[in-house]
Amino acid sequence: MPASLILSLNSSVLGEFPLNEERITLGRKPENDIQVDNLAVSGQHAAIITILSDSFLEDLDSTNGTFVNGRLVKKHALKNGDTISIGKHELKYVNDEASTEDNFEKTMVIRPGMAGHAAAAAKVHTAAASGKPFEAAVEGALPLGKIQVLSGPGAGKELELRKALITLGRPGVQVAVITRRPQGYFITHVEGSQPIVNGQSIGAQAHSLKDHDVVELAGVKMEFFVMGSSS
Amino acid sequence: MNVDGKLEVTGLSDVGRKRSHNEDSIASDTGIGLTVLADGMGGYRAGEVASAMAVNAIMEEVRDGLKLLKKHGDVDEESGFARESLLVREAVMRANETIHKAAISQPQCQGMGTTVVTAMFYDDRMTIAHVGDSRLYRLRSNNFEQITVDHSLLQELIDKGFYTPEEAKHSLNKNLVTRAMGIEGTVVPDVVEEAVLPGDIYLLCSDGLTDMVEDEEIHLTLEKNSNNLDDVAAELVRIANENGGKDNISVLLARALKPFPSSKRSWFSRFYDWFS
């Protein structure tokens, strides 16, 4: 039996909705899978994404918010017995088949983007029943970064960060590397004292660089920029 | 490149306490500076076939490709990657094709797949490539850090904000990977380059370790036994088994003993100075 939501108002049950679709929407407008006709409910209020035996609630920027067990949530992994409140209506999440701590099933393969909030029409498939092609992780989709020197004799000089691994600094004084990872650019200390980003020492850990971060290295200040897409 | 005497490598693969056979595969060769770990999946014994194919194919492909490489650490201008990175990426993609072909042509291999994580060391640098939820960690001067980011549903849920990393530890969606070798005709590995410093210790591992042992405990185990990598490997496997051993546990450990530049000067002293 799939998990379900039991809709109630003032403790009287209005209906039960099985979560047998990957994405179920909830809102005031009639096109929603679960329609709640009340002015406190936004036209498109929330969505529930179900992946195998687990469900995830996402508020769709509703006017009055979505609450789980009294707490305002934007995104929430549902647990058996959770009570979702929108306006005065309540939805109880019932899932007797929730995977248990000991349920170490064999690893399965699933298409990426399943946790996406919008058009997640993907279907789970096990390694044994593969069909659709994987959504290729698009190379070059990572925006290109650059740094511009802000101080010292090289002020104004720019470097596009095209290489996977870029070294900055002066050997014997202070050296750091910037690496280009699928998640973005990271700066890591290599030699000398730890680099400073936005006035703070970054420590020994790789530090994620954000647009307009100011890096201080070997006495030189420079700014990191994210340019448009690289191609 | 040959990193004998400059990189110390050890590995251990254990069936764990619940599974009947070991579907993980590991291999390393300091003669070419390469380490590979794969965690297979699929019915009967297809998982171990897939992981062994991945490890062997990558080893072989890289070994062959290195023979054609004139200089270590050269950067391809167009992609920004070192030639070694392109070679490793190509090796992973070809291994994927090999596994996929076997999976669709041999009934006993139907549906098999595997994760893979590989690290190649050259010119004071490394290339890391991975597909799936096998990981690479780095211990550098008391800082223990996960470098790879899992291709898993759980990681997607964290990225999308449904879980905090803390909540994710107790999540039940642990075993869903969003990328794997052998499932489709093509796969795109994540490839990153990192600088390597003497003293660094790298850990490649399957989820049989990370599902059973918290990062903090892995970190402490590494530090406590850091004078002997074999002890680290044995201890990590022991703790994973003690905590349940629900899956196969594999670890590969590599320690940079001394610099291994491809020319006389270290790599970062050759490329440092664009702004100075």
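Throughout, read-outs are computed from the coordinates displayed, never taken from laboratory work. None of the values given here were measured: they were computed from a predicted structure. Cβ coordinates were reconstructed from backbone atoms using ideal geometry, including for glycine residues, and neighbour counts include every protein chain displayed.
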TODO: Provide Rg over Rh for chain B; use the alpha carbon set for both Rg and the Kirkwood Rh (inverse mean inverse pair distance).
DONE: 0.96
Task: Cα-based convex hull, segment B:26-86, per residue volume (Å³, whole number) - done: 90
- [ ] Could you compute the FRET efficiency for B:E8 and A:E22, with r as their C-beta to C-beta distance and R0 at 60 Å, rounded to 0.05?
- [x] 0.80
Task: Computed over the protein assembly as shown, Cα set: Rg, Dmax in Å - done: 24.6, 80
Task: 3J(HN,Hα) from dihedral phi, segment B:219-236, Karplus parametrisation 6.51/-1.76/1.60, rounded to Hz, x for glycine, proline - done: 4, 5, 5, 4, 5, 5, 10, 5, 6, 9, 5, 4, 5, 4, 4, 4, 5, 4
- [ ] Report ³J(HN,Hα) in whole Hz for each residue of segment B:58-66, in order, from the Karplus equation J = 6.51 cos²θ - 1.76 cosθ + 1.60 where θ = phi - 60°; Gly and Pro get x.
- [x] 5, 4, 5, 4, 5, 4, 5, x, 5
Task: Positive-end residue of A:G154, A:I51, B:G43, charge dipole of the protein assembly as shown with Cβ unit charges - done: A:G154
Task: Efficiency of FRET from Cβ geometry, B:D64 and A:L52, R₀ 30 Å, rounded to 0.05 - done: 0.15
Task: Under Karplus coefficients 6.51, -1.76 and 1.60, residue-wise ³J(HN,Hα) of segment B:105-112 in Hz, glycine/proline x - done: 9, 10, x, 6, 9, 4, x, 6
TODO: DSSP loop (so not H, G, I, E, B), at most 11 other Cβ within 10 Å: list which trypsin sites (Lys or Arg not before Pro) in segment B:143-206 pass both filters.
DONE: none
TODO: In nm, give the distance between the simple-model label positions of A:I6 and B:E242, each being 7 Å from the Cα along the Cα-to-Cβ direction.
DONE: 4.5
Open item on the list: I need the shape label for segment B:75-146. Rule: rounded when a/c is under 1.5, else prolate if a/b > b/c, else oblate, with a, b, c from the alpha carbon gyration tensor.
Closed with: oblate
Open item on the list: When only alpha-carbon atoms are used, what values of Rg and Dmax, in angstrom, describe segment B:137-249?
Closed with: 15.3, 43
Task: Distance from segment A:182-231 to segment A:27-72 (C-alpha centre basis), Å - done: 40
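List, in the order given, every pair from B:K6/B:K224; B:K160/B:K246; A:K157/B:K264; A:K79/B:K160; A:K92/B:K18 whose Cα-Cα distance in the structure shown is over 25 Å.
Values: B:K6/B:K224 22 Å; B:K160/B:K246 28 Å; A:K157/B:K264 29 Å; A:K79/B:K160 18 Å; A:K92/B:K18 36 Å.
Beyond 25 Å between Cα atoms: B:K160/B:K246; A:K157/B:K264; A:K92/B:K18.
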Open item on the list: Based on alpha-carbon centroids, what's the gap between segment B:71-122 and segment B:140-174 in Å, whole number please?
Closed with: 24
Task: Cα pair distances in segment B:199-244, grouped into 10 Å bins until the bin that holds the longest one, percent each - done: 27, 63, 10, 0
- [ ] Could you list which residues have their amide H under 5 Å from that of A:H45, counting only those 5 or more apart in sequence or on another chain, with H placed in the peptide plane?
- [x] A:L26, A:G27, A:R28
